[in-house]
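Participant: First, the structure itself, so that you have it in front of you.
Coordinate-derived values only; no laboratory data. These numbers were taken from a predicted model, which means no experiment stands behind them. Cβ coordinates were reconstructed from backbone atoms using ideal geometry, including for glycine residues, and neighbour counts include every protein chain displayed.
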Amino acid sequence: MSELYDDYEPELEHEEHEEHGEASGASASRELTFAALPPIHGRGFAVTWWGQAWLKALEDTALELRQLKSGRGLARAGSVGAVSVRPGRITAVVRDRGGARHRADVLLGQWDTDAWDRFADMAVERAGHIAALLDRDMPPHLVEDAATAGVELLPGVGDLEPECECGAWDHCAHTTALSYQLARLLDQDPFLLFLLRGRGERELLDELQVRSAARSAPEPGPEPVAEPDGVDAAEAYASALVLPPLPGEPELPQEPGVPPSLDTETPAPEGLDADALEFLGAQAAAEARRLLADALADGHALRAPVPEPSAAEDAVRLAAGGPGERVALRLAEGSGRDREGLALAVRAWECGGPAALAVLERDETPDPESAARARAALDAAWDEGERPVLEASRGRWTAAGGAAQLRLGGDGRWWPYRRERGRWTPVGPAAADPASALATALGAGEE
């Protein structure tokens, strides 16, 4: 069967996709095809945070680490042919280690018209979103604002559905290799995510332009309100016995509220730090908006409540908001850290919140069961003879040369660390696969 795809070449759009230089196409299909990428060695597949988010969805979905390892090996070896990207599907022919070719597809759900309308309405409200996309960048707040509007741009656990000619029912080495290869393409062009969700770059930008023009047009005056005919007194009296409906859900403000300025002619009372108070007010407004967005999101009632942060954790959360130096020093002192230690904790917080902070500060030997699972994961992550030399010590595995390190989290995920200025520093989010985490740690030194 695989011989049928020796000359496989998906349909292309007519308009050339100049940003990559490798993609071309023909009119009807909204399909882009990219030439096979060269082999890759010694670094991670994704540099951008959205490329890493794509790989996280893959690694969290795949049931077998062995298939992840095999797929990474095929992708690194350049065994993935031309990659076709079109609404809802990516396709390529992948050559396995034995030389056999298999057509592999990975499916991602497309947005319906309502979802596209919500995304477009959100995007035109902030010109910075469109400008960032045109620069081939995807700022995290664009994805967060889309999620607040009820639209998930990046895939989550279980969203990447595999189909392969080899007959595997889960992600096999071929669909895994294709997914790793797409992460490299996403690094170059985040518009590919929108194409997968159902609309190409030109189509999306044209829609945003139309909506922006409509928003800037003058609004028509109010229509005259018809005089009410009145209500029968008996009917009005009877309705008083019926409870009124509950009020609707509050609308999420586009920006956090602005706290009042303390820059007045009245001197601050003795012992009051006005700068710190203004900073806390701004952070409280941002946190209130985040909590409201979380409460309005689908499935909020089904999620377990998040534990309250400790004082030390909350100091790190506040420090991640970018306070002035004097306020940062107070936060460092209040959290029991020096200024450098607080900066390191903020790096961890930005990589993964409380879970990443706990890994930074944990220095204990895993229990026997966790240690056994860790050894099994390390054994399965690399092919025989390819595993790097790792020195284990109390839940930490340091690569030969002492530049990169893996740390095991309490949930069994692996966190990448790198030695910077004499201190071990977190350099990315956690991964289910230790090989991916180590590649991130090693790749961080090349930036």
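Participant: Any number yet on Rg/Rh for the range 36-163, C-alpha, Kirkwood? Please list the in-between numbers first.
Facilitator: Details: Rg = 16.7 Å, Rh = 16.6 Å.
A ratio of 1.01.
Participant: Express in whole angstrom the spacing between the alpha-carbon centres of the range 67-116 and the range 370-401.
Facilitator: Between the Cα centres of the range 67-116 and the range 370-401 lies a distance of 28 Å.
Participant: Which distance in Å, rounded to a whole number, links the C-alpha centroids of the range 137-213 and the range 294-326?
Facilitator: Computed from Cα coordinates, the inter-centre distance equals 28 Å.
Participant: First select every other residue whose beta carbon is under 11 angstrom from the beta carbon of C172; then total the charges, Lys and Arg +1, Asp and Glu -1.
Facilitator: Working: positive: R66; negative: E64, D96, E163, E165, D170.
Net of charged neighbours comes to -4.
Participant: For the range 352-420, run through the GluC sites (Glu not before Pro) and keep only the ones in DSSP coil with at most 13 other Cβ atoms within 10 Å of their Cβ.
Facilitator: Sites meeting the loop and neighbour criteria: E364, E384, E386.
Participant: Okay, moving on. Where does the charge balance sit around A319 when Lys and Arg score +1, Asp and Glu -1, over other residues with C-beta under 13 Å from its C-beta? The partial results should precede the final answer.
Facilitator: On the way: positive: R317, R326, R330, R337, R339, R347; negative: E313, D314, E325, E333, D338, E340, E350.
That works out to -1.
Participant: In the range 301-447, if the dipole is taken from +1 on Lys/Arg beta carbons and -1 on Asp/Glu beta carbons about the Cα centre, which of A392, G352, P323 is farthest to the positive end?
Facilitator: P323
Participant: Strictly greater than 13 Å: what percent of every Cα pair in the range 110-162 meets that?
Facilitator: Values: 840 of 1378 pairs.
Everything past 13 Å amounts to 61 percent.
Participant: Could you tally the net charge around R413, taking each other residue with its Cβ under 15 Å from the Cβ of R413, Lys/Arg +1 and Asp/Glu -1?
Facilitator: Numbers: positive: K56, R362, R373, R396, R407; negative: E59, D60, D411, D433.
The answer is +1.
Participant: Separate question: Mind giving me the FRET efficiency for A213 and R339? R0 is 45 Å, r the Cβ-Cβ distance, nearest 0.05 is fine.
Facilitator: 0.35
Participant: Report the label-to-label distance for D379 and L134 in nanometres (one decimal), using points 7 Å from each Cα along the Cα→Cβ vector.
Facilitator: With each label point 7 Å from Cα toward Cβ, the separation is 5.6 nm.
Participant: Relative to the present Cα-Cα distance, how much length would full extension add between R66 and H141 at 0.36 nm per residue of separation? The partial results should precede the final answer.
Facilitator: On the way: separation 75, 0.36 × 75 = 27.00 nm, distance 3.47 nm.
Working it through step by step, the gained length comes to 23.5 nm.
Participant: Determine which residues of the range 118-140 fall in the zone a paramagnetic label at R290 would reach in this model, i.e. backbone nitrogen under 17 Å from the point 7 Å along Cα→Cβ.
Facilitator: Residues passing the 17 Å test: 140.
Participant: A further question on this structure: At 0.36 nm per residue, minus the direct Cα-Cα distance, what do T264 and W49 gain on full extension? Give it in nm, one decimal, please. Show your work: numbers first, answer last.
Facilitator: Details: separation 215, 0.36 × 215 = 77.40 nm, distance 4.20 nm.
Using 0.36 nm per residue and subtracting the Cα-Cα distance, I get 73.2 nm.
Participant: Are there any trypsin sites (Lys or Arg not before Pro) in the range 298-331 that are in a DSSP loop and have at most 10 other Cβ atoms within 10 Å? List them by number. All intermediate terms of the calculation are to be shown ahead of the outcome.
Facilitator: Values: sites: R303, R317, R326, R330; in loops: R303.
Here the sparse-neighbourhood loop sites are R303.
Participant: Continuing with this model, one more query. Can you list, bin by bin at 5 Å, the percent of alpha carbon pairs in the range 342-412, starting at 0?
Facilitator: Pair shares across the bins are 3, 15, 22, 23, 20, 12, 4, 1, 0.
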